[in-house]
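Peer 1: Sharing a structure here in structure tokens format.
The values are calculated or read from the model by the stated rules, or taken from the named source; none is laboratory data. This one's a predicted model, so the numbers in the text were calculated from it and none came from an experiment. Don't worry about glycine lacking a Cβ; one is built from the backbone with ideal geometry, like all the others, and counts go over all protein chains shown.
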Amino acid sequence: MTQDDDSTRPDDLIEVARVIDAWGIKGAFRVQTYAADPEAVFASRRWFLEPPEGKPARRDGPPLPRLLKITQAREHGEGVVASAQEVPDRSAAEALKGARIFVSRSSFPAAREGEYYWIDLIGLDVVNRQGESLGTVADLLDTGPHSVLRLRYPSIDEKGEPVDGERLIPFVAAYVDAVEIANRRIVVDWGLDY
């Protein structure tokens, strides 16, 4: 396995998956994607790796490669099975277990009209029809039938201390009037007191 020069790492890397384990004897490995549709994983043939969060770098065995050049990736069951030039055998694949996979945001396929990648919504300001600020998108929750925007906004607790408040808004057409990526905001039909 070879190390990749950090100067070739794109600035727009997004974490999209993690390596679960080796698959077969020829160096393939199983990947768990974070999205139900693994389009972003399939769109890129250059996967950048980082060690599992909170775990120190391995001292035994080969170092974790910084870049995998993917030769094959396909859906298999509820995950993805992939092969890479830098992973010649099962032992090398086993060494990847737990690695976090990042791909360049610029390699994501274009979203269809009215669809958005979650990563593009995080950080957007949310205002209601009256122009009142409801908070900033901290992340989204997948409830099955639809996603829910989880907003953070400045608030005060019962002791008068500043805290982050949380507001949940279903990300559905009944409540979302407009998503303005260029203006970094979402307009919703939602009250401050909901």
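Peer 1: List the strands (runs of 3 or more DSSP E) inside segment 97-194, counting only whole elements, that have at least 1 residues being of a type in the set (Asp, Glu) and under 24 Å from the mean Cα position of the chain (by Cα).
Peer 2: In segment 97-194, 125-128, 133-142, 162-170, 176-180 are the strands (runs of 3 or more DSSP E) which contain 1 or more residues that are of a type in the set (Asp, Glu) and under 24 Å from the mean Cα position of the chain (by Cα).
Peer 1: ALA40 - would you say it is at negative phi, aliphatic (A, V, I, L, M) and assigned to a strand (DSSP E or B)?
Peer 2: For ALA40, the condition - at negative phi, aliphatic (A, V, I, L, M) and assigned to a strand (DSSP E or B) - is not met.
Peer 1: Considering each of GLY144, GLY123, GLY160, GLY191 in turn, give the residue that is modelled with pLDDT under 95, of a type outside the set (Phe, Trp, Tyr) and closer than 27 Å to THR33 by Cα.
Peer 2: GLY144
Peer 1: State which residue is modelled with the highest pLDDT when the search covers only segment 47-90 and only residues that are farther than 22 Å from GLY24 by Cα, surrounded by 11 or more Cβ atoms within 10 Å (Cβ to Cβ) and basic (Lys, Arg).
Peer 2: ARG66
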